[in-house]
Amino acid sequence: MTHHTHHTHHSHDTHRSHGSDHTHGPGAASYPDFEWDDLYTGDGSDTADPDPTLLAPAGGLPPGRALDLGCGAGGNALALAERGWRVTGVDLAPRAIASTRASACARGLDDRVELAVADSAVWQPETTHDFALSSYALPTRGPARTATLATLAAALTPGGILALGEWDEEACDWGAPGDLATLSELTDALTTLGLDIVRAERKAVPRVQHPGEDHAVIVVARKPHDTLDSAH
């Protein structure tokens, strides 16, 4: 995840989603000294398998430029690079970026992956992208989340696709107020930002490190061809 403000609001509970390099859990108010960077090895050994649900929308697109905003240790970003995409991965945790870089080098993908240590609430893309991804990486509800969603929308080229997964506030039994998200919150925000909703659903997803499933909201949206960048 883009461990920007999100870092300050989530705990070190190693409760992971399938295909995610990120942890999630109860709000970090109980862990005021928690550092997201401590979760990562920096050597690539923590690069997880990609998330097939969130990468599926890219399957129908010709490889182009992709953005993984909150890339963690790079599982999704590297899967896209292996498919021929040129990928920009952004994360606040330096060790997360170091792990992504190490795994990219090990797989011979370093020439297809551009990485940045940055806060998604303030980072701005230098170019537009055909596909953008946010994998359980949004900051806590508030100005930082609003800014991150705006960046994701603005990062898309006309016709570009956004795939976003977050934990379902209405179904999960953990998380402090504002940590998680609702489907209507995300669809309303993306619609306001000028995107067309292609798919929006609540679903159970597998977890890594813990048996069973947890509850997610998945939104796929497209930037219309007649959307002006100046509107964002």
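The values are calculated or read from the model by the stated rules, or taken from the named source; none is laboratory data. Remember, it's a predicted structure, so these values are computed and weren't measured experimentally. So basically every Cβ, Gly included, is an ideal-geometry build from the backbone, and we count neighbours across all protein chains shown. Ligands, DNA and RNA are stripped out before the accessible areas are found, and what is left, the full protein with its side chains, is counted by its heavy atoms. Shrake-Rupley method; radii C 1.70, N 1.55, O 1.52, S 1.80 Å.
Odds and ends about this structure:
- Pick from the range 129-145, criterion open to solvent by 30 Å² or more (accessible area, probe 1.4 Å) and touching a residue at least 24 places away in the same chain (Cβ under 8 Å), ranking: nearest to Thr47 (Cα to Cα): Asp130
- Tabulated pairs, the range 42-62, first farther than 24 Å from Asp130 by Cβ, second of a type in the set (Ser, Thr, Tyr) and open to solvent by less than 30 Å² (accessible area, probe 1.4 Å), C-beta under 8 angstrom, 6+ apart or interchain: Gly42/Ser99; Asp43/Ser99; Gly44/Ser99; Gly44/Thr100; Gly44/Ser103; Ser45/Ser99; Asp46/Tyr40; Asp46/Ser99
- Only one entry of Ala163, Ala137, Ala231 meets the criterion of being touching a strand residue (DSSP E or B) at 6+ places or on another chain (Cβ under 8 Å), of a type in the set (Gly, Ala, Ser) and at pLDDT below 95, and that entry is Ala137.
- When the test is whether a residue is aliphatic (A, V, I, L, M) and open to solvent by 20 Å² or more (accessible area, probe 1.4 Å), Ala121 passes it.
- Here Glu126 passes the criteria (1) modelled with pLDDT of 95 or more; (2) surrounded by fewer than 24 Cβ atoms within 10 Å (Cβ to Cβ) except the one numbered (1).
- Residue check for Ala150: part of a loop (DSSP other than H, G, I, E, B) and open to solvent by 20 Å² or more (accessible area, probe 1.4 Å): no
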